[in-house]
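Let me begin by presenting the structure, written as structure tokens, before commenting on it.
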Amino acid sequence: MGSTGGMGGTGGTGGTADGHGAADPGGAQPLPGPAESRAHATPGSGAHRTFAERYPAHIPLPPTAPHPAPPRPSFRPVTIRTARDAVAASAGYLRWLGFRDVVQPEERSTSEVDLRAPGLVAQVDPSTRPAGLRAVECLWLNGLSSTSVSVFFSLAGYTPEARARADELGIPLFVLDLTGTPQPVNTPADALITTGA
């Protein structure tokens, strides 16, 4: 009879271990499944990123260099025979540099400006004497008052004082030959040809 009681005790213990009894609070916890592992994965972890995350469909292209501006066509000069031809040749050259709406003002005597355009004032001296210091300074003042670029064209060149002052003020100086092709005579003129309007 005593052994039978022991058997009963043993059977009670077996009923707990067959999976139908209450779980032991201190026992081992079940291992998480694949779905739970993905849910607890650290964001950005390479081991649990999807194929689309690791290999995106859109790969940005590397930046490309800007396309250079197309070169200007060759300048077509106007043969200079009169003072009006000198003004026309200078106007055509300014348009070739990129200035738009180059016009001759109606009253030149008061301003001593032969050509105007948005952001531009220009003087053309068709005389046989070199342009002097006063002419360069007057052109600079006209450009300063209208916040415009000042450009000087002369048929006979410039005095040394005028050239030195134009360099200080940054005024491009050009000499017109009889073929109507302006030639730069100082650094600001070279820069204007390079950059354009």
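A few points about this structure:
- Listed here are the strands (runs of 3 or more DSSP E) enclosed by the stretch 130-197 that have at least 2 residues being farther than 18 Å from ALA83 by Cα: 149-154.
- Against the conditions (1) at pLDDT 95 or above; (2) loosely packed, with under 13 Cβ neighbours inside 10 Å, GLU107 satisfies every one except (1).
- Hits in the stretch 156-192 (condition: within 15 Å of LEU139 (Cα to Cα) and in contact (Cβ under 8 Å) with a residue 60 or more places away in the chain): PHE174
- Given (1) open to solvent by 40 Å² or more (accessible area, probe 1.4 Å); (2) among the aromatic types (Phe, Trp, Tyr); (3) in contact with a strand residue (DSSP E or B) (Cβ under 9 Å, 6 or more places away or on another chain), number of the condition TYR158 does not satisfy: (1)
- With respect to the conditions (1) surrounded by fewer than 18 Cβ atoms within 10 Å (Cβ to Cβ); (2) touching a helix residue (DSSP H, G or I) at 6+ places or on another chain (Cβ under 8 Å), GLY98 lacks only one, and its number is (2).
- Qualifying positions in the stretch 146-183 - of a type in the set (S, T, N, Q) and within 29 Å of the chain's Cα centre (by Cα): SER146, THR147, SER148, SER150
- Subset of the stretch 116-151 [under 17 Å from VAL185 (Cβ atoms), of a type in the set (Gly, Ala, Ser) and either buried (at least 18 other Cβ atoms within 10 Å of the Cβ) or in contact (Cβ under 8 Å) with a residue 60 or more places away in the chain (or both)]: ALA122, ALA131, ALA135, SER150
The values are calculated or read from the model by the stated rules, or taken from the named source; none is laboratory data. Note that the structure is predicted; figures quoted are calculated from it, not measured. Note: ideal-geometry Cβ built from the backbone for every residue, glycine included; neighbour counts use all protein chains shown. Each accessible area value is taken on the protein alone, full model and side chains, heavy atoms only, with ligands, DNA and RNA left out. Shrake-Rupley method; radii C 1.70, N 1.55, O 1.52, S 1.80 Å.
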